[in-house]
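S.K.: One structure coming up, written as structure tokens, with questions to follow.
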Amino acid sequence: MFHSKSKKSRLPVLYGLLTIMTLLGLVMSLVLAWSWNMQSLKHEFDSESYVISQYVREKMAQNETLLVGLFTYFKGKDSVDLNSVRNYASIMARRFPHVHMFQVAQFVEDRNWQEYEQYMHQQLSHPSVLRFVSGEGLVRQRIIDDDQALPVIMIEPAIEASRLGLDLKTIDFINDHIPQNVSEKIVLTEPFQLLDDEPVMVMMQTVVHQSVPQFLSLLVVKVSDLLPSITDQWHLGVDLYTVTENNRFRLVNKVSDVQHEGVLSIFPELKATRTIQLSDYTLEIQFSRPLTWSDIKWSWLVIVIMGIVVFPTLYRQMFHIHSRFEASEEEQRRRLYKQANYDGLTGLPNRYSFDEYAQRLLSTAERSKADMAVFYLDLNGFKAINDQLGHDAGDYVLEQLGSGLSQALRRGDMAARLGGDEFIVLVDPIENMDQLRMIKNRLERVVLGINGARLEPLRISASIGYAYTSDHGYELTKLMQIADADMYEQKRKHHQEIGSLITDTGV
């Protein structure tokens, strides 16, 4: 009896001690595993940052080599064959796709104007200087008296956005980085956006002869290619800076997917800074890696998870329920947004969406003194197609027109359906009336392209009116009224041509 009671009294103690020892063992295991996990992640992080640093070093050294190669064509030369320079640049541009462009500019004064003329004549270009004047745009001038300029004399590859003769001294972000003291050091500009939204930077080196600057060689580089491809599973953020004696600016900012999504983490963030010393400047790379649940080695938690199965199971169920709820809510929001802002038949924006977008673009265009155009489009023959061929044929016409307008317009332009067979098109920018008429003809071709066997024997066409901000201002309501009135005038002429009077609602 005594032994039985003693045994029963010892069982809670034994199980209690066993539980405490197990918990202490699990806690020690957690601490040791956590420390080992953090050390492994730190080692991996250091390895990743080292590999990226070496890539950046090699890429920038490669860029320096290309720039120096261009520099040597002009160093110590009395006369330069620009065809040889262009051939070098063309070969290098094909071999190194991260290089956007090679350029060479000449320091021009009245004393060496004839030399500049010869270089421009070699490339069949007008021997004048294009200067960017605020409020006037590019103005063609000639160097006189003590005037100085830095016009571009070679561009490879030649692109529409760049021009020979452009005075780089009138481009602030270039001129601000040209060394004020006579020096052949390599300098870098801050990144800027090209017309195609591709961020680039410019590397420059001055060619000096007898303490006088003669030429400026430029290498335009895509900044996105300065870093290697970084997989999302690394969650790695990278900031690349250029550091000089008097300046420091950022070249590249690669935000980690975790930072981009704004995910809060209970884990620490790994950080490191590496410095790359190049010939005339220093690169500083700052690395960051927010640790997430996916970085933790969960295998060592199996014993703990087995002891508390209920909670993971409950969380898993809650996650699935929450995910389904969120997915349903998101789908409903997308559906409501599409219904509120887009036409269900053509897939084009509706009047509300168009007004909001157009107001924003017109405000921007007015501030920047850019011109835009609004086109009002109404279909001719649509009512006859609906009446004679049925509403399916009418829907077919509207669907084809919506698809055709979406494909014909440029990025930034917008076509919207106002209702029935009326459409409106916003085009930004418009440089002149010739371009406006070209776009109007393109819209007419889109409508005529709908005709075919399905609509025979009937045909569809369009009456198109327009308003131009250069002539009619930047008020959307006024532009739409003018374009609408012009459209009705075109429709009236169309009625006269076909010899019949047809009401607007069916044409």
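Per-residue answers, yes or no, for (1) modelled with pLDDT of 95 or more; (2) part of a helix (DSSP H, G or I); (3) open to solvent by 70 Å² or more (accessible area, probe 1.4 Å):
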site: L436; (1), (2), (3): no, yes, no
site: K440; (1), (2), (3): no, yes, no
site: I450; (1), (2), (3): no, no, no
site: P457; (1), (2), (3): no, no, yes
site: A462; (1), (2), (3): no, no, no
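S.K.: Right, another one. What number of residues in the range 38-58 are in contact with a helix residue (DSSP H, G or I) (Cβ under 9 Å, 6 or more places away or on another chain) and crowded, with 18+ Cβ neighbours inside 10 Å?
M.R.: Looking only at that region, the number is 4.
S.K.: Continuing with this model, one more query. Filter the range 157-188 down to the residues that are in a helix (DSSP H, G or I) and open to solvent by 40 Å² or more (accessible area, probe 1.4 Å), then identify the one that is modelled with the highest pLDDT.
M.R.: Looking at the filtered set, the residue picked out is K169.
S.K.: Shifting gears a bit: When the residues of the range 464-500 are filtered to those that are closer than 29 Å to Y396 by Cα and in contact with a Lys or Arg (Cβ under 7 Å, 6 or more places away or on another chain), which remaining residue is surrounded by the fewest Cβ atoms within 10 Å (Cβ to Cβ)?
M.R.: I464
S.K.: Can you confirm whether A365 is in contact (Cβ under 8 Å) with a residue 12 or more places away in the chain, under 18 Å from I439 (Cβ atoms) and out of contact with any strand residue (DSSP E or B) (no Cβ under 8 Å at 6 or more places or on another chain)?
M.R.: It is true that A365 is in contact (Cβ under 8 Å) with a residue 12 or more places away in the chain, under 18 Å from I439 (Cβ atoms) and out of contact with any strand residue (DSSP E or B) (no Cβ under 8 Å at 6 or more places or on another chain).
S.K.: Right, next: Can L168 be described as out of contact with any His (no Cβ under 6 Å at 6 or more places or on another chain), of a type outside the set (K, R) and under 20 Å from V80 (Cα atoms)?
M.R.: No: the conditions fail for L168.
S.K.: Then there is this: Just one of E399, E422, E431 is touching a residue at least 24 places away in the same chain (Cβ under 8 Å), open to solvent by 20 Å² or more (accessible area, probe 1.4 Å) and over 25 Å from E475 (Cβ atoms); which is it?
M.R.: Answer to the check: E399.
The values are calculated or read from the model by the stated rules, or taken from the named source; none is laboratory data. Every value quoted in this text rests on a predicted model; they were computed, and no experiment measured them. Reconstructed Cβ throughout: ideal geometry from the backbone, glycine too, with neighbour counts over all protein chains shown. All accessible areas refer to the heavy atoms of the entire protein, side chains included, with ligands and DNA or RNA removed. Shrake-Rupley method; radii C 1.70, N 1.55, O 1.52, S 1.80 Å.
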